[in-house]
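Everything below concerns the one structure shown next.
What follows draws every value from the coordinates through simple rules; no lab data is involved. Everything numeric in this text was worked out from a predicted model, so none of it was measured. Quick reminder, even Gly has a Cβ in these numbers, built from the backbone with ideal geometry, and neighbours come from all protein chains shown.
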Amino acid sequence: MTMIAKTPAAPYYAVIFTSLRTDGDNGYGQMAEAMEKLAAEQPGFLGIESARDGLGITVSYWESLESIAAWKQNSRHLVAQERGRNTWYEEFKVRICRVERDYGFERA
């Protein structure tokens, strides 16, 4: 995604997914696009940002810990998680954080 997520006033939650990929696409690109669209339909979803240049970092934003837990257990997301472990990732780490404050700059 090429935009900075427009999040509400804090507090809210961030899920930081950091990964190292295996070689080849192996269907990853299509699944990543499908998961981003599916996540956006979930209750409590606030936005997503992603970058990859060797090390991949995706940050998704959520209203609550309950909405994060529901997303983790979504049946289609569970399929993607399994493929990730078996096919797409050499290594990954998930971190869940409460955002207490945010601020930014936007050129007018």
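Residues checked against (1) under 30 Å from ARG107 (Cα atoms); (2) outside any loop (DSSP other than H, G, I, E, B); (3) hydrophobic (A, V, I, L, M, F, W, C):
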| residue | (1), (2), (3) |
| --- | --- |
| VAL15 | yes, yes, yes |
| ASN26 | no, no, no |
| ILE68 | no, yes, yes |
| THR87 | no, yes, no |
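Going residue by residue through the stretch 99-106, is there one that turns out to be touching a residue at least 60 places away in the same chain (Cβ under 8 Å) and surrounded by 12 or more Cβ atoms within 10 Å (Cβ to Cβ)?
Within the stretch 99-106 (the criterion being touching a residue at least 60 places away in the same chain (Cβ under 8 Å) and surrounded by 12 or more Cβ atoms within 10 Å (Cβ to Cβ)), the answer is yes, since at least one residue qualifies.
So which residues in the stretch 41-64 are surrounded by fewer than 15 Cβ atoms within 10 Å (Cβ to Cβ) and either without any contact (Cβ under 8 Å) to a residue 40 or more places away in the chain or not hydroxyl-bearing (Ser, Thr, Tyr) (or both), if there are any at all?
Listed by number, the residues that qualify are GLU41, PRO43, ALA51, ARG52, ASP53, GLY54, LEU55, ILE57.
Pairs only if they're at least six apart or on different chains, beta carbon under 6 angstrom, first in the stretch 1-30 and touching a residue at least 60 places away in the same chain (Cβ under 8 Å), second outside any strand (DSSP E or B) and loosely packed, with under 12 Cβ neighbours inside 10 Å; list them, first residue then second.
So the pair list comes out as ALA10/GLU100; ALA10/ARG101; PRO11/GLU100.
As an exercise: evaluate LEU38 against (1) assigned to a helix (DSSP H, G or I); (2) surrounded by fewer than 15 Cβ atoms within 10 Å (Cβ to Cβ) and give the number of the one condition it does not meet.
(2)
Restricting attention to the stretch 13-33, which residues are out of contact with any Ser or Thr (no Cβ under 7 Å at 6 or more places or on another chain), more than 15 Å from LYS72 (Cα to Cα) and not β-branched (Val, Ile, Thr)?
Hits for the stretch 13-33 are SER19, LEU20, ARG21, ASP23, GLY24, ASP25, GLY27, TYR28, GLY29, GLN30, MET31, GLU33.
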